[in-house]
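First up is the structure itself, then whatever we jot down about it.
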Amino acid sequence: MIRINLPKGQRKILKFIGEQSEKLGYSVYLVGGPVRDLLLGRTSQDIDIVCVGDAIKLAKKFRRKVKGKLIYHHDFPNATVKFRGGKIDFVTARREKYPRGKVGLPKVEKTDDIIVDLKRRDFTFNAIACDLIPTNFCDLIDPFGGLKDCEKRLIRILHPDSFKEDPTRIFRAIRFKMKLEFNLEHDTEKHLKRDLKYLKGLTHDRLWKEIKLCLKDGSSILKFLKDYRVLRVLKLNYPDDNFIERIDIGAVQFGVDYVNTYILALTEKKRPKSLGFDNRLSRQIEYVRKIDNKRLMNVEVVHELFYLEDYSLLYLFGKYPANSIIIENFFDNRGELKCELDGMTIKKMGVKEGPLVGEILNKIIELRWTGKITGKEDEVELVRKYFLGGKNDD
């Protein structure tokens with residue numbers, strides 16, 4: 001029997017979980033990604049526990065031990081315990097049955113067989129369990145050859161219909177290929193290419209969740225998604241390499257999370273209403289599409305830039321390199337562009353209530369943008385000289 005070496009900090013915790021599980025008459029295992037990462041010599045903060053028994057009852061015992069917080073997941077008898085040392089997910093062993101003939105979430109049932117639970121997983125290297133019961137502590141259960149695939153650095157599905165049942169596994173396969181520097185096993189790659197069409201059956205929520213997870217792994221994932229024709233099947237735009245380079249540089253320079261920036265780039269040719277985004281992101285798409293190189297050269301664009309989230313500004317920085325200095329200046333100076341005068345003060349100075357107040361505020365922002373005025377005294381002088389004096393030019 002092959003055994004695994006656990007880090008000292010985790011070993012003590014997992015021994016306690018195994019001892020408590022044995023007292024309850026349950027079997028319990030460390031499973032999935034944490035086992036894979038340990039086998040590959042990678043650090044893993046995740047601890048995923050599968051309990052053949054009542055996972056919530058076991059989680060309660062652990063919570064009392066560590067004085068942590070118990071979070072229930074009511075869709076299935078699972079729970080998470082958060083404590084000072086991290087968090088642990090406790091999952092009841094289950095089987096999954098996917099609907100026939102369509103893409104959808106599986107029907108879930110309890111099982112008393114850890115092999116059945118492992119069989120529902122995506123790849124062989126994620127279908128390895130580490131026994132935590134004291135008499136078998138750290139023994140590995142590897143019914144599908146995951147250990148050998150780890151050694152050969154291969155990504156292998158457990159059965160030919162895996163991608164058809166759950167097309168999100170296509171994204172995960174590509175992510176693992178990039179992150180772990182593994183290769184897709186021959187038949188796995190063949191089935192992935194065959195089943196790309198099922199990606200179109202995913203709900204908007206599931207699709208964009210997976211794409212965002214991909215992007216969090218780094219912009220390099222975009223080329224993998226392109227090469228495996230994922231972007232083509234989903235009719236998403238591949239940003240050119242210069243754009244990607246500029247976005248990666250700009251994200252560091254301005255301290256911006258670029259995930260939504262790349263969402264804007266991927267969906268350039270899509271109608272916003274067809275994407276299933278929330279109103280906030282949909283509005284950002286509409287805003288950035290109104291701005292082009294010519295518009296960026298107009299001083300009035302400064303008003304529109306204030307409506308943009310940082311990720312949208314970053315998109316414009318990458319999209320229009322000839323005018324990227326304008327976006328750079330806005331990032332650097334936008335705090336100084338806001339008016340020190342407000343509408344109430346302007347009216348007290350003698351300007352009648354109405355559209356003119358808004359025009360004055362807009363003019364102040366434009367002149368701040370061009371550096372012609374810099375402080376409150378300049379703003380007051382502008383109002384007195386050009387708006388109260390009857391002159392309308394600057």
- Item | At R0 = 41 Å, FRET efficiency that the Cβ-Cβ distance of I71 and K290 yields, to 0.05 | 0.45
- Message: So, R0 is 35 Å and r is the distance between the beta-carbons of K273 and D217; what FRET efficiency does that work out to, to 0.05?
- Response: 0.75
- Message: Under the 0.36 nm per residue contour assumption, what length would be gained going from the current alpha-carbon distance of F16 and V259 to full extension?
- Response: 83.5 nm
- Query: Reachable aspartates and glutamates from K376, Cα under 12 Å, same-chain residues fewer than 8 places away excluded?
  - Reply: E336, E340, D342
- Is any helix in the chain, taking whole DSSP H runs, at least 20 angstrom long along its axis by alpha carbon and on average at least -0.5 on the Kyte-Doolittle scale, and which ones? 355-369
- Shape of the range 167-240, Cα gyration tensor, a/c cut at 1.5: rounded
- Item | Order of K273, K87 under a 10 Å beta carbon neighbour criterion, fewest first | K273, K87
- Give the cross-link partners of K294 among the lysines, using a straight C-alpha distance below 18 Å as the criterion and excluding same-chain residues fewer than 8 apart. K319
- Task: Could you work out which residue, out of G25, G33, G218, moves most in a Gaussian network model of the chain, that is, has the largest mean-square fluctuation with Cα springs under 10 Å?
- Result: G25
- Task: For the range 243-318, just say rounded, prolate or oblate: build the C-alpha gyration tensor, square-root its eigenvalues into a ≥ b ≥ c, call rounded for a/c under 1.5, and beyond that prolate if a/b exceeds b/c, oblate if not.
- Result: oblate
- Query: For the residue pair N362 and K226, what label-to-label distance in nm results when each label sits 7 Å from Cα along the Cα-to-beta-carbon direction?
  - Reply: 4.0
- Query: Between E151 and D139, 0.36 nm times their residue separation minus their Cα-Cα distance comes to what?
  - Reply: 2.5 nm
- Per-pair calculated FRET efficiency, R0 = 41 Å: D332 and H159 via Cβ, rounded to 0.05: 0.15
- Ranked list, fewest to most other Cβ atoms within 10 Å of each Cβ, for R120, R100: R100, R120
- Task: Could you go through the range 85-93 in sequence order and give the Karplus-derived ³J(HN,Hα) for each residue, using 6.51 cos²θ - 1.76 cosθ + 1.60 with θ = phi - 60°, rounded to whole Hz, and x for Gly and Pro?
- Result: x, x, 8, 10, 9, 10, 10, 6, 4
- Task: Arrange the following residues from fewest to most other Cβ atoms within 10 Å of their Cβ: T111, T43, T267, T370.
- Result: T43, T370, T111, T267
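The numbers here are math on the coordinates, done by the rules we state, and not lab data. Since we're looking at a predicted model, the values are computed, not measured. Virtual Cβ from ideal backbone geometry, glycine too; neighbours counted across all protein chains shown.
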